Amino acid sequence: MNRFLLPLGVFVLLAVFLGIGLTLNPREVPSPLIDKPAPAFTLQQLHAPGKSLSAVDLKGQVWLLNVWASWCVSCREEHPLLVELGRANVVPIYGLNYKDKPEAAMAWLGEMGNPYKASIVDADGRVGIDYGVYGVPETFVIDREGIVRYKQIGPVTPQALKEKILPLVRKLQG
Amino acid sequence: MRRGLLSCLWLIASAASGADTDAQLEPRMNRLAAELRCLVCQNQSLADSNAELAVDLKNQVREMMRAGKSDDEIKTYLTDRYGDFVLYRPPVRTTTWLLWAGPFVLLAGGGVVLVRVLRRRQASLVVAEAQIETSGANLDRARSLLAETPTDQRP
């Protein structure tokens, strides 16, 4: 009896570890930016070329930075939710139009609705790199002091919005 | 016309010189990029990947090399943005010691088990031999029994 105890223990341990491994999503790489200052940027606005917007301009309020592009398929999936959130006026959403053509981007917003206070144009993806963007769409929650508090990788789901993003926004605004 | 020709020449010259510095950079860039993970296609290195982000990041690495940054500075730049995950060889930390020490712990554990099994087997062999020795008398009897085969069974 005793001689089976050790292999059984090893097996159970292995099964537990593999089981935990199955529940993890390898696509979600934890961002080192959490609780760090949001990287600075100064970029042209999509709807007002020649007018720029900086991260510094947005200090003093809790805001969302949503990385999107007209070529991004999953952005289509999350967009109605963002439009709804924009209408509810809970938190200002700013868009980072990532590696996109302005005409295509504007046509896309015309079709899907524009939830953004402003979208800024990151044509060469440089600011995207500063924010550690690797899978569009991504959404950052940034607090009054300009600290990144949360990063959603992939589309914002109703569940993530209800359970993570909105409670966090309320807490930060509170 | 002449101006056109001149600017054309200038373009060729600058392209050539650009290619020259790139050719010097390229081996170093590839060596570094082979140690960096592509975040889009996670089982490929940055050097092997043609994903758009990988191309952008390689351009960024080239640019930083041209600006005279060291490999370590470039790695820090990337880990500040993408985390230790971009490194195929993550640094030893409290969160990664199991990753680094794990294989050696397993090897040592396997060695301990092997030694114990071998010792036990050795011990049981010794016991078996001792039994054979003590039963020497039985052996003699067996031999004598074999020698005197019953006569009625002879052909």
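The values are calculated or read from the model by the stated rules, or taken from the named source; none is laboratory data. None of the values given here were measured: they were computed from a predicted structure. Heads up, the Cβs are rebuilt from the backbone with ideal geometry, glycines too, and the neighbour counts pull from every protein chain shown.
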Selected residue (criterion: surrounded by the most Cβ atoms within 10 Å (Cβ to Cβ)) from residues of region A:46-91 that are among the small types (Gly, Ala, Ser) and in contact with a strand residue (DSSP E or B) (Cβ under 6 Å, 6 or more places away or on another chain): A:Ala69
Residue check, B:Lys75 over 24 Å from the mean Cα position of the chain (by Cα) and closer than 22 Å to A:Gly125 by Cα: no
Residue check for B:Asp72: of a type outside the set (A, V, I, L, M), loosely packed, with under 11 Cβ neighbours inside 10 Å and at pLDDT 90 or above: yes
Residues of region B:34-64 classified as away from chain A (no Cβ under 11 Å), under 20 Å from B:Pro91 (Cα atoms) and surrounded by fewer than 20 Cβ atoms within 10 Å (Cβ to Cβ), total: 4
Conditions (1) among the aromatic types (Phe, Trp, Tyr); (2) in a loop (DSSP other than H, G, I, E, B); (3) more than 13 Å from chain B (Cβ to nearest Cβ): number failed by A:Trp71: (3)
Filter pass, A:Tyr94 being of a type in the set (Phe, Trp, Tyr), within 14 Å of the chain's Cα centre (by Cα) and buried (at least 22 other Cβ atoms within 10 Å of the Cβ): no
Residue that is surrounded by the fewest Cβ atoms within 10 Å (Cβ to Cβ) [pool: residues in region A:33-45 that are outside any loop (DSSP other than H, G, I, E, B) and touching a residue at least 60 places away in the same chain (Cβ under 8 Å)]: A:Pro37
Any hit, region A:144-159, residues being buried (at least 19 other Cβ atoms within 10 Å of the Cβ), within 16 Å of A:Ile34 (Cα to Cα) and of a type in the set (S, T, N, Q): yes
Residue satisfying condition, being of a type in the set (A, V, I, L, M, F, W, C) and surrounded by 12 or more Cβ atoms within 10 Å (Cβ to Cβ), within set B:Phe104, B:Phe85: B:Phe85
Exclusive hit being of a type in the set (Phe, Trp, Tyr) and more than 14 Å from chain B (Cβ to nearest Cβ), set A:Phe4, A:Phe17, A:Phe41: A:Phe4
In region A:122-138, residue nearest to the other protein chains (Cβ to nearest Cβ) [restricted to those that are part of a loop (DSSP other than H, G, I, E, B) and not small (Gly, Ala, Ser)]: A:Tyr134
Close pairs (6 angstrom Cβ cut-off, 6 or more residues apart or separate chains): closer than 30 Å to A:Pro137 by Cβ in region A:9-32, surrounded by 10 or more Cβ atoms within 10 Å (Cβ to Cβ) and of a type in the set (A, V, I, L, M, F, W, C) anywhere: A:Glu28/A:Ile153; A:Val29/B:Phe85
